[in-house]
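Let me begin by presenting the structure, written as structure tokens, before commenting on it.
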Amino acid sequence: MARTVERIALKTMTPGTERVLTVFRYGRPGARPKAYLQAAIHANEFPGTMALHHLVPMLDKADKAGKIKGEIVIVPAANPIGLAQVLHNTHLGRYDFFGRDNFNRNYHDLTEPVAERVKKRLTNSAGRNVKLIREAGLAVLNAMKPANEIQDQRLQLMRRSIDADIVIDLHCDAQAAMHHFISKRDWPAIADLSAEIGAVAVLYNAPYPTTMTFSGCNGSWWSKLADRFPKHPIPQACQSSTIEYRGQHHVTHEFGALDAANLFRFLVRRGVVAGDPGKPPKPLCAATPMDGMDVGYAPSAGILTYMKPEGSKVRKGETICEVIDPIAADPPKARTPVKSKTAGMLFSRRPDGRLAWPGMVCFRIAGPKPLKHRKGSTGLDD
Ligand SMILES: [Zn+2]
């Protein structure tokens with residue numbers, strides 16, 4: 001079956017304007033496993049879009065050879081609203097102009113409405129329950145009437161992802177090494193993806209993500225429903241995760257081709273595409289808890305400079321960066337260090353020379369032990 005291209009016009013916000021979501025689809029609708037991949041929901045994060053730019057021709061070739069066994073949905077630019085946010089010659093793309101929402105928040109937690117629909121119909125068959133829950137989830141989403149463009153965008157994306165076996169949301173950080181946000185319930189089942197992409201840090205939410213991110217909402221309703229109905233078998237039917245494809249400036253053909261090849265091999269390994277994936281690569285790290293992730297905040301205003309590159313293993317108490325007050329009378333005393341509070345992998349930081357303000361996130365370190373000051377925080381926001 002040839003690839004189909006769907007163009008979805010979003011609800012218009014101002015007369016004479018219209019934005020369109022573009023969705024590629026491979027395989028027979030309803031074929032399993034179903035994989036859903038989207039990029040740039042934070043519309044200024046293009047490494048994932050570059051990976052999909054290289055993945056699509058590979059899938060076209062596999063398709064021509066009759067190798068697409070499951071169903072694959074690809075959304076290379078998942079946020080046309082954010083793509084249009086060019087202001088003062090600068091592209092923004094992370095927060096909605098209308099309501100200031102983070103574009104990767106406020107997706108729909110389907111647990112409650114789906115529980116209502118299925119509570120009297122669940123069976124003793126895990127397979128039948130999965131089918132029932134997926135149908136109920138789609139019915140809930142299809143019954144929703146979006147009030148505006150951003151709600152429409154969220155709904156249109158979720159309607160195409162919610163019944164998938166695998167959901168991968170492609171993001172990036174400011175300046176970062178490859179890392180992977182997952183749920184603890186998917187570990188170690190999803191370790192093959194972490195290893196395949198070459199993640200140097202894998203961080204898990206447990207038991208559920210507290211912010212309604214796209215990947216969180218597509219995965220967590222399964223375990224919430226399983227907890228809600230313990231007498232009925234409800235498996236974790238969707239492995240949903242967020243890949244952080246390094247930093248915003250890591251958009252090259254070399255990275256794109258490498259990342260696409262890794263995603264393609266993962267799809268082969270999972271039987272979505274036929275073929276031999278070869279030996280699985282060795283994982284580069286173990287998964288660590290989200291509340292073991294140290295987040296370094298700027299204590300004051302100034303300019304940032306770093307002592308450590310991303311991807312460094314650091315000790316507790318090491319100076320990761322300094323905030324420099326450029327107008328202090330005594331320059332040597334104008335440097336305020338920001339130190340690590342855990343030993344671990346410094347996987348994300350800002351570029352040198354950024355303006356810092358009090359409370360700004362300067363870096364993130366994946367550590368193995370839960371940290372008191374991080375308890376209960378998902379740490380995904382800034
Ligand atoms: Zn992002």
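State log₁₀ I(q)/I(0) for the chain at q = 0.10, 0.13 Å⁻¹ as given by the Debye formula over alpha-carbon point scatterers of equal weight, solvent excluded. For the chain at q = 0.10, 0.13 Å⁻¹, log10 I(q)/I(0) is -0.67, -1.11. Comparing 24, 347, 264 in a Gaussian network model of the chain (Cα springs below 10 Å), the most mobile by mean-square fluctuation is 24. Atom-type composition of the exposed protein surface of the stretch 290-374 places 57 percent of the accessible area on carbon and sulfur (1.4 angstrom probe). For the stretch 4-285, with all protein chains present and a 1.4 Å probe, just round the carbon and sulfur fraction of the accessible area to a whole percent. So the carbon and sulfur contribution to the accessible surface is 56 percent.
Shape class for the stretch 1-146, computed from the alpha carbon gyration tensor (a ≥ b ≥ c): oblate, with a/c not under 1.5 and a/b at or below b/c. Taking all protein chains into account, the per residue accessible area for the chain stands at 44 Å² (1.4 Å probe). Ranking of 357, 221, 187 by solvent-accessible surface, largest first: 357, 187, 221 (1.4 Å probe, protein heavy atoms only, all chains present). Taking the DSSP beta bridges with both ends in the chain, the antiparallel portion is around 60 percent. Relative to the compact-globule estimate of 2.2 N^0.38 Å, the Cα radius of gyration of the stretch 274-382 comes out at 1.28.
Summing +1 for each Lys or Arg and -1 for each Asp or Glu among the other residues whose beta-carbon sits under 11 angstrom from that of residue 198 gives 0. Positive contributions from Lys and Arg (+1) and negative ones from Asp and Glu (-1), summed over other residues with Cβ under 10 Å from the Cβ of residue 177, come out at -1. Using the rule -39500 (n - 2.57) for each DSSP H run of four or more residues, divided by the residues of the chain, the 222 nm mean residue ellipticity is -8000 deg cm²/dmol.
Straight-distance candidates among the lysines for linking to residue 316, with alpha-carbon spacing under 30 Å and chain neighbours fewer than 8 residues away dropped: 184, 282, 308, 333, 339, 341, 369, 372, 375.
Distance between Cα centroids, the stretch 251-313 to the stretch 76-149: provide it in whole Å. A separation of 25 Å, based on Cα centres.
The values are calculated or read from the model by the stated rules, or taken from the named source; none is laboratory data. Quantities reported herein were computed from a predicted structural model and do not represent experimental measurements. Cβ atoms come from the backbone with ideal geometry, glycine included; neighbour counts cover every protein chain shown. Note: accessible area is taken over every heavy atom of the protein model, side chains too, but ligands, DNA and RNA are not part of it. Shrake-Rupley method; radii C 1.70, N 1.55, O 1.52, S 1.80 Å.
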